[in-house]
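Here, each number is a calculation from the coordinates, and none is a lab measurement. Everything quoted here is computed from the prediction, not taken from an experiment. Please note: Cβ atoms are built from the backbone with ideal geometry, for glycine as well, and neighbour counts cover all protein chains shown.
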């Protein structure tokens, strides 16, 4: 969210929370994939197992919120909030356009799972443009 | 919003990083304030005014006066 040289305490705390969650996610998604392949669970067990990899991702969303609350540098916070709004806007715009293509012209289905990664990607792409406006 | 931050900083021979350290913000924040493209919140404006020992309206100019 900021370069390491000028990392604020909030940025360091963000990274200290984010990195372990992503490691847990990588392990859990691997474990759940193996479990589905080998055990082929059904019913409530399958539902419960399928949701497990979401937990670290929900944690990441909470960690992003905590960063916004803890960042004491109001300009850095403003840049990130603006980038997040771009991320939300682009994700909603993209999903609306693609959704209509799915309805009417049988475009390939995109799993809704990709909404959050798309939001993160769009937010990341927007950030340098948002920053450039304040130079 | 136009402001005299750059002048006040130069008078004290402070770099952007020096001012950033004193206000506990990043250097990018000082730059965005000096270009007048980012307007500080009221608490940060007070902090800046206190640091330079001048009233807010002597540092920031909203062009309305």
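Couple of notes before you dig in:
- Take the Cβ atoms of residue A:68 and residue B:37, set R0 to 22 Å, and the FRET efficiency comes out at 0.55.
- Theoretical FRET efficiency, 1/(1+(r/R0)^6), r = Cβ-Cβ of residue B:62 and residue A:120, R0 45 Å, to 0.05: 0.75
- Across all directions, the shadow cast by the convex hull of the protein assembly as shown built on its C-alpha atoms averages 15.7 square nanometres.
- Residue exposure sequence - B:15, A:95, B:26 - by fewest surrounding Cβ within 10 Å: B:15, A:95, B:26
- Cβ-derived FRET efficiency at R0 35 Å, residue A:46 paired with residue A:81, nearest 0.05: 0.35
- When shorter helices are ignored and each DSSP H run of at least 4 residues is given -39500 (n - 2.57), the per-residue value for chain B at 222 nm works out to -15500 deg cm²/dmol.
- Exercise: per-residue mean of other protein chain Cβ atoms within 10 Å, B:29-40: 3
- Centroid-to-centroid separation of the stretch A:41-68 and the stretch A:86-135 [C-alpha atoms, Å]: 21 Å
- Cα gyration tensor shape for the stretch B:2-54, rounded if a/c is under 1.5, else prolate or oblate: rounded
- Ranked B:64, A:71, B:57, criterion: other C-beta atoms within 10 Å, fewest first: B:64, B:57, A:71
- In chain A, helical runs assigned H by DSSP with n ≥ 4 each contribute -39500 (n - 2.57); averaged across all residues and rounded to the nearest 500, the mean residue ellipticity at 222 nm is -27500 deg cm²/dmol.
- Of A:47, A:86, the sequence from fewest to most neighbouring Cβ atoms within 10 angstrom is A:47, A:86.
- Label point distance in nm, residue B:51-residue A:12, each placed 7 Å from Cα along Cα→Cβ: 2.0 nm
- For the stretch A:1-72, convex hull of alpha carbons as volume per residue, Å³: 73 Å³
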